[in-house]
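Notes follow the structure.
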Amino acid sequence: MRSSTSLTLFSCSLVLFLVGCSATTQTTSGRDYLSKYDRVPAAPTERAGSINDAIRDAAAVEPVLRFPARIGLARIDGHGRLSAIPEAEAVHWLALMEDLGNDFGEFVPVDLLVADMTKTAVSAETYRHMGPVDRVRLAAARQHLDAVMLYQVTTVDEYRKNALASVDFTLISAFLLPSRKVKSEALGAALLIDVVQGYPYASIQTRADGEKLATVYGASNRADKLHDQLRIDVTAKLVEEAEPMFNRLYRQLHRLPATPAPRQAIVD
């Protein structure tokens, strides 16, 4: 069995994949979220730099995105690296941009050369320890993008023998008889985040599967071809889910104030 199941980018629950497509949006205020803790005294043992401080820092983000916007598009490969978007996948994202219209702005691919160039914006040690999301954000910032849609598709293979396997013991039959069944599953995930502060505006998860008959020596090649098709299928499903997600996010964001109100200090 050959597997590439590691989702280096997204912490997606397997249950979500098994039940089909799903999409979520978020427009909640970090300021409002944290306000209920303003009167809560710190724990006696709490020190600066504690996990509680890190949690507050993580929560202190605001949904500042407004449309029309410059939305980056970044494809992450199975190794967690930014990769070029294949033409067969790009056509689906271009169709989405046309369907959404000018009110949403434009999709801009995160450029591989820009991503390579922005390595010098931080130290080599810092860059080496950065995850794929932060590396994309760094490049997207150089391109002055407002938000970035990251997506990744991974595949899982399963090889099973069928009734013809009992006669594939000779070299010729192993090449000629379709005694193996190649079953593959593709899992796709997408995440829309703010470039500067990392606010997660939306996420999408979906899946697709397929199977083909193959000979013993042709199973690997069949699996590769099946992977290619499933990646396209899953990308199409992600895009299909993205359109209503963007429309819902548009309505939610544009009901918010143009700029977040300043947080009021509480005086005891």
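Where a number appears in this text, it was derived from the coordinates with a stated rule and is not lab data. These numbers were taken from a predicted model, which means no experiment stands behind them. We place every Cβ from the backbone using ideal geometry, glycine too, and count neighbours over all the protein chains shown.
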| request: Just add up the charged neighbours of P63: K/R +1, D/E -1, any other residue whose Cβ is under 14 Å from the Cβ of P63. | output: +1
| task | Starting from the Cα gyration tensor of the stretch 65-111, take the square roots of the eigenvalues, sort them a ≥ b ≥ c, and report rounded, prolate or oblate (rounded when a/c is under 1.5, otherwise prolate if a/b is larger than b/c, else oblate). | result | oblate
| query | Amide H of G72: which non-local residues (sequence gap of 5 or more, or other chain) have their own amide H closer than 5 Å, using H built in the peptide plane? | reply | V108, D146, A147, V148, M149
| task | Using only the Cα atoms of the stretch 77-163, build the gyration tensor, take square roots of its eigenvalues as a ≥ b ≥ c, and label the shape rounded, prolate or oblate: rounded if a/c is under 1.5, else prolate if a/b is larger than b/c, else oblate. | result | oblate
